[in-house]
Structure formats: C-alpha cells, structure tokens
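What follows is calculated from the coordinates using simple rules that are stated; it is not laboratory data. In this text, all values refer to a predicted model and were calculated from it rather than measured experimentally. Please note: Cβ atoms are built from the backbone with ideal geometry, for glycine as well, and neighbour counts cover all protein chains shown.
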Amino acid sequence: MSARAGRRIVDGMRAWVVDHPGPIAGGPLRAVERPEPQPGPGEVRVRVAACGVCRTDLHLAEGDLPPRRPATVPGHEVVGTVDVLGPGATRFALGDRIGIAWLRGTCGRCRWCRSGRENLCPEARFTGWDADGGYAEYAVVPEAFAYRLPAALGDGEAAPLLCAGIVGYRALKRAELPPGGRLGIYGFGASAHVVAQVALAQGATVHVLTRSGKARELALQLGAASAGPADAAPPEPLDAAILFAPAGELVPVALRALDQGGTLAVAGIHLTDVPGLGYADELFREKQLRSVTANTRADGEEFLRLAAALAVRPTIDRRPLGAADVALADLAADQITGAAVLMA
C-alpha cells in the first residue's frame, strides 16, 4: 500500500477509501489502515481473496454517483472465505467461500419486494456505496445477500461475475433477445464480455461495437460475428441490443441499428445525457428502450448456475490490492481488457 497508510494498527487491515470524489487524475482513492470490521446480527465477515474493479467504483470515485457516506471502501465484486460469524448467522460455516455483490439489503416489505422486484426497493442498500466494500483485507455482508460460488471458478475468475456478470445477465434478459437472435453489444468491458459468452453459448449471433481496438480483438476471439467502432452500423439489423458504454449519444445509434420490434437495454448505473430521438428512425415500428436497475438475488443465483453450466470464464487482469488506484485509473483510460481484479 501507499506510504500514506502509515504504521499498522493492532487488529488493523489495509483498505482503500474514496476520500474526496473527483477526477481520477486527482487521486480520489486513498490508502488507509482501519480496524478489522466485526459482523453484526445476521452478518458474516469474509477475508477477501479477490475483488473486481467495476466501472461503478469509478463513478463513485469521480463523483458521478454522489457519495452516501464519507470515506467509503469501494468494491462490490468480492470473493472471500468466511472467518467470523455474527450473532444468529447460520447460513454459512467458517471456511465457506462466498461472494459479496452490489445489492446488500432491501426492506422486504414494499410492493416491489413483495412482487419479486427487490432491485427497485426504495430502501435498497448497496455494497461499496452505502456500506464498505471489498477494496480491503476484510469485508462484512448480511448473510442473506451473499452467494455460494461455483467450485469450478477460481477466486479471480469468480469476482467479476458478482456484478459485471449478474447485472449484465439482467440486462440480457431485459433486452428480450429471441432464441437464435442477433444481439448488438455497445461497449465491451467487464460486463459485456461476460454477457457475450452467455449469448453465444445460447446460440445468438453477437455483433460488438466499441471504440477499443483491443476490446474488438477480444470480442472476435470469443466468437463475435463482427466487431466495429461504437458509432458504426452493424452488418445486419439487430433483434436486441445492450448499451454498456456510459455514453448517452450511443442511444440513438443503437436504436437505429435495431430491426422492427427490437429492444435496447441500457445497462449502466450512470449515463451521459441522451440527445433528442427521431421518432420515425429510432422508435417507430415498436422498438423499445429500457433501463436496467441493479439486480435481484434471484438474478444472481440464476446467473451463477448458468455461468457454471456454460463454462463462462472472464478474461481477467490481476492486480495487487496495493495498486487499486492504478487499476481504477487504467479503467478510466480504457487500458483494461476484460475485467481487472484486485488480489489480496
């Protein structure tokens, strides 16, 4: 860690916090030492083995997502081993390997929760935003919101599945891709390259549109039928599309690429402003524009089972925990191919 972390404290841990949100070049992440967290009722603590670096972490660090608490530890794609059980926690045993994801709490009472749409709960809480996340040596999670992980996946490979995978999978469902259909993917980072593998394994034709040359190369290696610049037209009309890039100007581009009756799902938690849409070219003939908000636990369980069955394997760029600031800066500069993962 940085020398700014200072001397180690008794029962302390290394961690990174979002100190003063702002441009990544200004160093909004700061290395610190903190007391090891202790789980409360119904919670478990994990010793972190790996934590994915998600674009949402970048949005938090740069202030696109307003901080909900000071000096929060980011990171919500956490893989670790249970080492302390809180009072009343019985779902996991000491030594179990589990995952911590973005959604970490809901009220369980509102109409959204009661109807299976807990991702829309007004009181939903999120890891690395409302509570400390996995850019640290230890993390705590309510056991009801943790996941058992497929044994076939190593710690590094499992980490990106816990947000990039789960939320991307929900975006794929929201896009309503028909069996054997033609899917367009705009932006090809951590989430997109996982979703592409799922769609391809299910028989879809995938066209990738992204500004990164290295990402286009990866897309073709994974089996995409084509890979071109983000603002280009795909070689054939699309039945469905997913926008992963946080660029609102690509919304009309993607809508124009849809065949009649097609659906565009916008997967990011943050998006720049969308320009005006032309009805005749971009929305007419029953095209649909949809957003995606987080995920439900059912999405997570379903996706993790599917990922294991389809042998989905993220392309990962392993980084040491002590270089979290560099990893986040590289993500901002589009220097990450696949998914960056911090290894403890």
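With a cut-off of 18 Å on the backbone N, the residues of region 274-311 near the modelled label site 7 Å out from Gln260 along Cα-Cβ are 279-289. Selection among Pro275, Gly108, Gly248 by position relative to the dipole of the chain gives Gly108 as farthest towards the positive end (Cβ unit charges, Cα centre). Altogether, the Stokes-Einstein calculation at 25 °C and 0.890 mPa s, with the Kirkwood radius of region 75-178 over Cα pairs as Rh, returns a diffusion coefficient of 166 µm²/s. Convex hull volume of the Cα atoms of region 100-253, normalised per residue: 150 Å³.
Here the Karplus curve 6.51 cos²θ - 1.76 cosθ + 1.60, taken at θ = phi - 60°, turns the phi angles of region 214-223 into couplings of 5, 5, 5, 4, 4, 4, 5, 4, 7, x Hz, with x standing for Gly and Pro.
Which value at 222 nm does the chain reach when only helices count, each DSSP H run of 4 or more adding -39,500 (n - 2.57), with the total divided by all residues and rounded to the nearest 500 deg cm²/dmol?
The helix contribution divided over the chain gives -6500 deg cm²/dmol.
Globularity index of region 166-291 is 0.93 (Cα radius of gyration / 2.2 N^0.38 Å, N = number of residues). Between region 124-165 and region 266-344, the alpha-carbon centres lie 15 Å apart. In terms of packing, defined here as the mean over residues of other Cβ atoms within 10 angstrom, the peptides 264-270, 226-232, 109-115, 276-282 line up highest first as 264-270, 226-232, 109-115, 276-282. Over all projection directions, the Cα-based convex hull of the chain averages an area of 16.9 nm². Taking the alpha-carbon centroid of each part, what is the distance from region 65-87 to region 212-237 in angstrom? The two parts, judged by their Cα centres, are 35 Å apart.
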